[in-house]
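Presented below is the structure to which this report refers.
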Amino acid sequence: MKNLITLLGCVFALQAFGLEVEKLTKTKPEKIVVYTQGAQIHRSTSVSLVAGQNKIVFSGLENCINPDAIQASGNGNFIITDIQHMVNYPELDKAKLQGDLRYKKLVKTISDSLSEVSLQVEELMIKSDALITEKNVLLSYGLYKGQSKKDSIPFLKDGLTFLREKLYNINSEQLKIRREKDKLDNLKKQLNERMNNIVAELNNVNGLADEQKVNYRIIVNIIADQATQGTVNLNYYVTMAGWSLAYDLRATSNESNIKLTYKALIHQQSGVDWNNVRLVLSTANPNQTYSIPTLSPWYLGYHKPYTDKRKYVTSSGAPATVSKTEDALGYQDSEQNALALQANDYTTVSENFIETEYEIKLNYNIPSDNKDHYAAIMVKDMKTMFRYKAVPKINNQVYLTAVLPDWEEAITMGGEASIFYDGTFVGQTNLAPGGTDDTLQLPLGIDKNLAIKRVKIKDKCTQKLLDNDVIHNYAYEINIKNNRNLKIEIEVLDQLPLSNNKQITIEQKEISGAKYNELTGELKWRTFVSSKDSKKLVLNYQVKSPKNLGLAYN
């Protein structure tokens, strides 16, 4: 009781003399908006304020706070007058009380050096701003825009010579400033590392390493007319965090659409573990500059056209083979076999003209380990057309592909996508918005229930002499067999040879309605084959060449 009376007396005395009352508070993040680079932390605390000046100290915060991006607000009858960011070294304070003269000397030297470096950096930025202003004035001068009434060729030449010299000097000075700033930034980094080394040394000397750590704080200064209750809300930006988007594309043999799963890969190394927090994932990047660009004078000149005479040859390999069977796991809908809810069932998506936000209604733990931690965002059904492809000239495999016509509308960020078919991992691809292709084709593997074979028709493959020429006839038959219980659509590719010699001519005889590309020689059939049925395609062409020249099939 005596101690309580003494404490109340001290509080009243502080109020009477107008001194600040400092209150230390430890909070946990209530909401974290994670950007592609960085994160916005939201905290709040309930406060009991005394009449006069109050200092609310948020302690135990992240070690990578941007001091220029701190905001505070509140609910209550009080005024927020100032916000400060500071780093507290409690073990060093204790060492000072113990009279460590070595500490005082080292810390004072480093602190003075850091202050001097900051002033030098500020001076460089002032010089840089002045040079930028001078450059803009030069470039906007009427002479160089053709607006001067004294325009003449000699006068313009002298002006351009002057402009070139001034721009060269300005750019050289800016380059020197950047180099000097880099040196100062490195020096500042070294000084901060030295300060941390002093902290570590004193920890070892005084045995404080396990008791106290460096404390990153934000101080909110408040004035209240009278004693009152209230809430102080704090939000600030940290740099050592971010997220990226990854996808799962899941196809099954008994469903018509592919499911696109959005997965967030979240990482942070802020020095504070985010435990049981609500996350909002934003596609915005606060580090991106939004300065409107300006136009500089645009001069026309002459150039000599250059023709690149090199030849480029592209090659394509057969898709990777993945053995698949037709059978898929069957699931029965019942209460006993009801599917568990997924994390993506708790995500709300909001979009505006600039960014997209995914608000996850489940709380997550994201430790400060700089490792990727997965969070499922949502699942979309993608309109899908399943097609079969084959290149029987290369091999006798039939490949199942999924064609997604509206994929661009669903892709908000670039990311790697894992492809699954009937629960089996097939491969990976990269999805990126803004592509030029209207459709996306995904290989799902080889279907063993479809057979295809390309056979030479020997009695139609002939060779005969005509005057000074040799005429070669080639004929092939492509047989397709569908052993499935469903009608399928298949795309078959083949080709005709191309000639780069006027003495060699190629003539189509029969291509069974294939589409022919004259530039590449590609033949493409797109046809349907009924269940348990077969189809035949015929390819027949003729090659005419001089009999004294041997054909080379390159």
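The values are calculated or read from the model by the stated rules, or taken from the named source; none is laboratory data. The structure displayed is predicted, hence computed values, not measured ones. Note that we place each Cβ from the backbone using ideal geometry, even for glycine, and neighbour counts take in every protein chain shown. SASA here: full protein model, heavy atoms, side chains in, ligands and nucleic acids out. Shrake-Rupley method; radii C 1.70, N 1.55, O 1.52, S 1.80 Å.
Below are the figures for this structure:
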| read-out | value |
| --- | --- |
| Among (1) more than 30 Å from Asp406 (Cβ to Cβ); (2) open to solvent by 90 Å² or more (accessible area, probe 1.4 Å); (3) part of a loop (DSSP other than H, G, I, E, B), the one test that Asn501 misses | (2) |
| Filtered residues of the stretch 405-430 (kept if hydrophobic (A, V, I, L, M, F, W, C) and at pLDDT below 85) | Trp407, Ala410, Ile411, Met413, Val426 |
| Identity of the residue in the stretch 363-404, modelled with pLDDT of 90 or more and crowded, with 20+ Cβ neighbours inside 10 Å, that ends up nearest to Ile41 (Cα to Cα) | Ile366 |
| Filtered residues of the stretch 455-484 (kept if of a type outside the set (A, V, I, L, M, F, W, C), open to solvent by 60 Å² or more (accessible area, probe 1.4 Å) and outside any loop (DSSP other than H, G, I, E, B)) | Lys456, Lys458, Asp459, Lys460, Gln463, Lys464, Lys481 |
| All positions within the stretch 510-551 that are among the aliphatic types (A, V, I, L, M), under 47 Å from the mean Cα position of the chain (by Cα) and part of a strand (DSSP E or B) | Leu523, Val529, Leu537 |
| Residue count for the stretch 226-249, restricted to those that are surrounded by fewer than 18 Cβ atoms within 10 Å (Cβ to Cβ), assigned to a strand (DSSP E or B) and over 20 Å from the mean Cα position of the chain (by Cα) | 4 |
| Of all residues making up the stretch 509-548, the number that are touching a residue at least 12 places away in the same chain (Cβ under 8 Å) and either farther than 20 Å from Asn479 by Cα or among the β-branched types (Val, Ile, Thr) (or both) | 13 |
| Selection count, the stretch 454-499, where residues are in contact (Cβ under 8 Å) with a residue 40 or more places away in the chain and small (Gly, Ala, Ser) | 1 |
| Some residue of the stretch 225-239 being of a type in the set (A, V, I, L, M, F, W, C) and at pLDDT below 90 | no |
| Which listed residue, of Tyr364, Tyr388, Tyr374, is within 30 Å of Pro497 (Cβ to Cβ) and in a strand (DSSP E or B) | Tyr388 |
| Cross-chain or 6+ apart pairs with Cβ under 8 Å, the stretch 66-85 first and closer than 21 Å to Ser46 by Cβ and of a type in the set (Lys, Arg), then assigned to a strand (DSSP E or B) and open to solvent by 50 Å² or more (accessible area, probe 1.4 Å) | none |
| The stretch 108-125 - residue that is within 41 Å of the chain's Cα centre (by Cα) and either of a type in the set (Val, Ile, Thr) or assigned to a strand (DSSP E or B) (or both) and, of those, modelled with the lowest pLDDT | Ile110 |
| The stretch 250-270 - residue that is part of a loop (DSSP other than H, G, I, E, B) and at pLDDT 90 or above and, of those, most open to solvent (accessible area, probe 1.4 Å) | Gln269 |
| Of residues in the stretch 49-106 being aliphatic (A, V, I, L, M), touching a strand residue (DSSP E or B) at 6+ places or on another chain (Cβ under 8 Å) and open to solvent by 60 Å² or more (accessible area, probe 1.4 Å), the one modelled with the highest pLDDT | Ile79 |
| From Lys536, Lys532, Lys515, Lys547, residue being at pLDDT below 90 and surrounded by fewer than 15 Cβ atoms within 10 Å (Cβ to Cβ) | Lys547 |
| Close pairs (6 angstrom Cβ cut-off, 6 or more residues apart or separate chains): without any contact (Cβ under 8 Å) to a residue 40 or more places away in the chain and β-branched (Val, Ile, Thr) in the stretch 383-406, exposed (fewer than 14 other Cβ atoms within 10 Å of the Cβ) and not in a strand (DSSP E or B) anywhere | Val403/Thr439 |
